[in-house]
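A short write-up of the structure that comes next.
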Amino acid sequence: MRKILFSSSEVHPLIKTGGLADVSGSLPTALHLQGHDIRIIMPAYRKCLEQLEKIHPIATLKLDGFHLPIEIFQSTLPGTNVPLLLVHSPQHFDREGGPYSSPTGEDWQDNAARFTLFSRAVAALAMNQAGLNWQPDVLHCSDWQTALTPALIADLPNRPVTVFTIHNLAYQGLFSREIFDALDLPEKLWHSDGLEFYGLLSLIKGGLIYADHITTVSPTYAKEICNYEFGYGLEGLLSLRAKQGRLSGILNGIDNTEWNPKKDRYLTKTYSIKNLRNKTINKASLQQYFGLPEKEDVLLMGIISRLVPQKGIDLTLEAVTKLLESGANIQLVCLGSGEPSYEQDLRILRARYPDKVGVDIGYNEALAHQIEAGSDVFLMPSRFEPCGLNQLYSLRYGTLPIVRNTGGLADTVVDATENNRKNGTATGFKFDQSNAGELEKTISRALDLFQRPRIWRKMMITAMEQNYSWQQSAETYVQLYESL
Ligand code: ADP
Ligand code: GLC
């Protein structure tokens with residue numbers, strides 16, 4: 001049994017912008033079920049305070065660089081018995097909006113201060129300086145928002161071992177030198193083998209330089225970030241860590257209680273491999289929701305996504321437009337929010353093809369489940385994808401993923417080549433080059449196979465039989481903790 005402090009800036013079901021929240025809810029729950037003494041720590045955002053029923057203040061702390069004392073609240077993660085600690089600093093976290101941005105989508109101006117304060121509070125707890133009489137053996141941090149803590153405690157005696165997980169290297173927490181000064185960060189951290197990155201403060205380097213071990217969320221992404229194309233200037237450092245045996249890839253799992261077509265409360269009709277017909281009832285409901293003709297023979301393609309360049313939305317728009325122009329028997333339903341230009345382009349596509357395309361701009365948990373269940377294929381033509389959870393949900397729901405061959409998508413989807421179909425391993429469709437032409441060809445490939453129900457059904461069953469539950473990945477994390 002290990003004592004683990006799990007630090008994250010978003011945790012499902014309390015607050016979520018993407019897959020980090022899913023992982024931060026489900027991995028600690030899996031570790032807790034395996035008997036470990038794990039506590040999640042996150043900022044006490046207004047949204048969390050509103051949802052949690054029982055919250056107890058358990059400590060008050062004065063942190064370097066901040067005038068007002070902060071409080072630590074204790075609760076449990078809803079739906080579990082996992083202890084949850086919250087860093088309460090009303091001026092930083094008790095406001096309307098998301099974890100990183102205002103209700104209108106602009107990044108909060110004081111994000112560096114907000115997450116420095118959070119990381120300092122986590123450091124105090126990790127060092128058992130909060131009067132809680134509990135010190136973790138392992139501190140596990142995720143992404144730039146939490147990355148400062150390993151740097152702050154690196155030189156302290158009797159510190160926990162530190163693991164830093166990269167969920168997405170594209171977000172690094174870059175700020176100016178002035179902000180470094182204003183936050184009163186230790187001067188000894190300002191050098192190129194520290195937090196400095198070409199004259200800027202790079203918070204993610206706190207994790208990359210000072211953590212005892214770095215993980216990322218798939219084996220392929222772990223290799224990709226050591227190259228120029230995916231490394232954002234950090235590839236040299238990451239290659240060195242890989243050579244030192246201090247960087248590895250551990251694939252994410254999925255929460256089988258949340259994402260399970262057999263008992264998904266959001267579906268019109270639940271289903272399993274044994275009654276696949278019921279999946280078509282969800283297809284009809286989805287078509288109805290989006291005002292599309294309720295046809296079974298049309299290939300219904302789903303998207304649920306942050307609308308950012310990473311996700312290849314532009315490729316989808318181009319490829320789908322070409323296919324629609326040529327009269328292909330397809331429908332597209334898309335749920336997402338993000339960059340206004342993508343939102344606008346999707347709305348335009350919808351306006352042009354109202355009986356072929358459905359678009360819902362926003363965040364909608366229930367609809368996300370309904371799209372996973374009702375679609376025939378799921379589109380994820382990402383330029384890069386550290387792991388990706390939606391293709392894993394899609395496999396589980398028998399919704400064949402169409403993905404680019406990168407990161408976690410490469411590791412989890414088996415392309416429907418003739419060989420793979422014959423040996424019964426095919427679960428979806430993959431393409432290599434990041435361009436609309438390739439995507440279009442791949443959708444056409446799926447469309448052809450969709451006309452061959454026996455093959456399609458076999459692929460659906462193979463996909464649904466894949467096991468990406470947390471159990472195995474959680475065990476791999478435990479082995480890593482032990483090895484450190
Ligand atoms: P990323 O973390 O890069 O956004 P992932 O595939 O790992 O990508 O995880 C995305 C998660 O966020 C999934 O659980 C997905 O269902 C959810 N999601 C993304 N956009 C929306 C949305 N608009 N409404 C509901 N859920 C969404
Ligand atoms: C990031 C990545 C995504 C991954 C998720 C959870 O948001 O973009 O690929 O699945 O983190 O690890």
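Projecting the Cα positions of Thr316, Val357, Pro99 onto the charge dipole of the chain (unit charges on Cβ atoms of Lys, Arg, Asp and Glu, taken about the Cα centre) puts Val357 furthest along the positive direction. Over all projection directions, the Cα-based convex hull of the range 163-207 averages an area of 3.3 nm².
Translational diffusion coefficient of the range 106-265 (Stokes-Einstein, Kirkwood radius from Cα pairs, 25 °C, 0.890 mPa s): 147 µm²/s.
By the equivalent-ellipsoid construction on the alpha carbon gyration tensor, the chain comes out with semi-axes of 40, 23, 22 Å, ordered largest to smallest.
Carbon-plus-sulfur accessible fraction, the range 20-64 (probe radius 1.4 Å, protein heavy atoms only): 50%. Solvent exposure of the chain, expressed per residue, is 40 Å² of accessible area, with all protein chains present and a 1.4 angstrom probe.
By the Kirkwood approach, averaging reciprocal distances over each pair of separate Cα atoms, the range 275-466 gets a hydrodynamic radius of 16.2 Å. Element breakdown for the range 123-247 at a 1.4 angstrom probe: carbon and sulfur atoms account for 52% of the accessible area. Checking the Cα-Cα distances for Lys279/Lys458; Lys263/Lys430; Lys311/Lys430; Lys16/Lys441; Lys223/Lys243 against a 22 Å cut-off, the pairs over it are Lys263/Lys430; Lys16/Lys441.
For the chain, the share of DSSP beta bridges that are antiparallel, to the nearest 5, is 25%. Note on the range 275-466: with neighbouring protein chains present and a 1.4 Å probe, carbon and sulfur make up 48 percent of its accessible heavy-atom surface. Note that the range 278-387, at 10 °C in a medium of 1.306 mPa s, gets a Stokes-Einstein diffusion coefficient of 114 µm²/s from its Kirkwood radius over C-alpha pairs. Among the chymotrypsin sites (Phe, Trp or Tyr not before Pro) found in the range 184-252, those both in a DSSP coil and sparsely packed, with 13 or fewer other Cβ atoms within 10 Å of their Cβ, are Tyr198.
In a reduced charge model with +1 at each Lys and Arg Cβ and -1 at each Asp and Glu Cβ, the chain shows a dipole moment near 1540 debye about its Cα centre. Give the separation of the Cα centroids, the range 420-469 to the range 113-192, in Å. Their Cα centres are 43 Å away from one another. A straight Cα-to-Cα reach below 15 Å connects Lys47 with the aspartates and glutamates Glu10, Asp94, Glu96, residues fewer than 8 places away in its own chain not being considered.
The values are calculated or read from the model by the stated rules, or taken from the named source; none is laboratory data. All figures in this text were calculated on a predicted structure; none of them were measured in a lab. Neighbour counts run over all protein chains shown; Cβ positions are idealised from the backbone, glycine included. Side chains are part of the model used for accessible areas, which takes the heavy atoms of the whole protein and leaves out ligands, DNA and RNA. Shrake-Rupley method; radii C 1.70, N 1.55, O 1.52, S 1.80 Å.
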